[in-house]
1. May I ask you to rank S466, S235 by accessible area, largest first, using a 1.4 Å probe over the protein chains only?
2. Counting C-alpha atoms alone, how compact is the stretch 423-544: give Rg to one decimal and Dmax as a whole number, in angstrom.
3. Would you mind checking K54/K191; K335/K433; K174/K202 for any pair whose Cα atoms are more than 21 angstrom apart?
4. Amide H of S286: which non-local residues (sequence gap of 5 or more, or other chain) have their own amide H closer than 5 Å, using H built in the peptide plane?
5. Cα to Cα, under 20 Å, and not fewer than 8 places away if on the same chain: which aspartates and glutamates meet these conditions relative to K572?
6. In whole Hz and in residue order, list the ³J(HN,Hα) couplings for the stretch 58-71 that follow from phi through the Karplus curve 6.51 cos²θ - 1.76 cosθ + 1.60, θ = phi - 60°; x for Gly and Pro.
7. Taking all protein chains as present, what is the carbon and sulfur share of the accessible area of the stretch 463-546, in % to the nearest whole number, probe 1.4 Å?
8. Taking only the alpha-carbon positions of the stretch 167-267 and ignoring solvent, what does the Debye formula give for the base-10 log of I(q)/I(0) at q = 0.15, 0.20, 0.21 Å⁻¹?
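The values are calculated or read from the model by the stated rules, or taken from the named source; none is laboratory data. Values in this document were obtained by computation on a predicted structure and should not be read as measured data. A quick note on method: Cβ atoms are made from the backbone with ideal geometry, for glycine too, and the neighbour counts reach across all protein chains shown. Note: accessible area is taken over every heavy atom of the protein model, side chains too, but ligands, DNA and RNA are not part of it. Shrake-Rupley method; radii C 1.70, N 1.55, O 1.52, S 1.80 Å.
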Amino acid sequence: MDNSLPVSNEDSTEFHWKEGSVMSGNSLESLVSWLAEKSRLLGWDAILVLDRSKLNHFLIQEYISRFNSASYMSPITASKQVVPTQRELLYNYTLDYPRLSFENADLHDATADLTLRVVGGVLVTMEMTQGVEQAIRVDIADPLDGPIVSMKQNLADVTGDVDEDGRVLLDLAKGGEIRVDYSTSEFMQIKLGDLMQSEFDKLTPEQRLFPLSTLKPGSNEYLRPVNFHVRTQASGPAARHRASDEYGNGAVVMFLTMKDGQAGRFPGTGSDFRYLIPDDTGREYSATVLLSTPMIANSMIGPAFSQFAREHGLSVIQSWEPGYIQLSLSEGVVKTPPGLVSSPDVSAAWRFKHDGISIASDCFRISMFYTYVGMEINSFSGRQTVWGNYWEEFGGYLAGAELSLGIGGPLVFIDGRSGLTLVGAQSGRGDVKEFLGMAGSMPGFSDAIIPHALEATSALMAPFYSLYSSNEEFEASFRDSIQLPFGQGLHFLDIKAPFDIAMFGAVSPATTTFEITPAEVIVGQGASYAFTTVPEVKDLQWTVEPTATGSDNVGQITCAGVYTAPTSENIKGMYVRVRVNATDPKGYSSSALLSVVVRDITVNPVIQACDFGASRDLTAGTLGGGALEWRVVGAQPGSALKIGRAHV
């Protein structure tokens, strides 16, 4: 006799991402075109965007690093009276690492959605009936199936002063609207969320705080952040649709003020401010830095101008205004090398030998705006003189002149995948304001000295008209001011100069580090799994260790990174979690989290009381995520099993 229940499928059309629906469409080309229209910095000196996937990578690495330490969040054992006749008991409720998502982010604030999966422990629902309390439901969570704890997290609750504490943090105790989705009743989800809130409030700062990034003043005086403000942003329309592959995608957006700069404004709700991380196929973009043209120009010109000043015994004076930087020199004189000028008229037969053209230091100006970068030497701001001796056929006399010279021109950025070049062309004009000594009696002196002086002065400025910075140099400039956890760094793949300077790149291991991939794995008992590293590293020492005191057999791992899980008879309970470590010869290490499950399928609740005519919800998780076939053995007449919407 077949006692299987009849199965019906609920219509789940609204959860399918229909072909032809609007996707985010955020190519590098379209972003650069949008950036070229005008400055998109909104008055800020810089904007840093970090992708959700990399932020969650930081969170899992932080979670893994805390096992067997005082900062590890221990399993929760507690109870909550949800209604007068019902309470929920939690025993060894174990939470996985926090995950960020941005389906509700809108740039008007710093709110993100945060979830923590329950990967272990027991939840028992107790009900009081006629003075007797009895269990009416039992759920046993494991890495395959367990409730999700969700909350709203406000990332603006961080210190914005880089000099004090420039960390962008998740704080579990500051979450709002906490829910636990073990029940379809929103009331029950909130009640168990209240219990979670009380448990989070008990945590120490080391247990409840998770760093996402740290901003520091850094050693580069030209790119030195002093404070920041955080906002969050969804990646596009598709990020708000649950059935889309992009659901929850987005980024943390940091608006930065640099040294001597000032704060700008924020995009409002409904702003046309684009998501700045491209989605080009084959290019793994996960971070973007947008900087003002004056700032990048200053970072390239500034060191060269400072060196120029030192060579002439002077110093640089830097002036900042919103959208404008000016460099000038301290009071003094800059001299060109000595030179020799001959008469343009062969019949005059004179030569003029000088010891250098003296240029007052206040003639030098480098001006950097959002729309213009240029350098000039202008005698209207100071004196330019030349002195020397002139020879005729029968003797030499002291001669000289006061000159009026104007020379300079704009500089433009030439962008490319390998770096950024600042180039330009000079033009000049000049005349003799006053003859000194015997210069007035030298035929053709003005016609000869002006082009000579322009050429000599132009040679002083030539180094500033062809400056190049590679991607690696920009990465080094940011390395000690934008610090990312676990050996990660910003690596720029493309640098563009449409209006502001846009650096599109990836968050990946620094050149001296590596990471195990993947960072989290679930395998069945007795199974094997081969780990790799990015980048590939030779001569690694692989080890495996328990994640909590009293864990069972943790399995074995070979020198090639091939892990073999323990068999079910060596696992107490339904699963065991281990930490896989790889260490290179220099001592740098990376870790991954691996869960070994005894069963291929987990169904919850394992015990459920159900009154006549009532319905109950079941959930299931499967190793590998394959499709499930549901049936009930020993079904009573009139019962039905309905397959509902999948939980995503």
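1. Numbers: S466 80, S235 15 Å².
Order by accessible area, largest first: S466, S235.
2. 29.7, 103
3. Those over the limit are K54/K191.
4. Distant-sequence amide H within range of S286: G505, A506, V507.
5. Cross-link targets: D96, D139, D142, D145, E545, D552, D600.
6. 4, 5, 5, 5, 5, 4, 4, 5, 8, 4, 6, 9, 5, 8
7. C and S fraction of accessible area: 52 percent.
8. The Cα Debye sum returns log10 ratios of -0.92, -1.12, -1.13.
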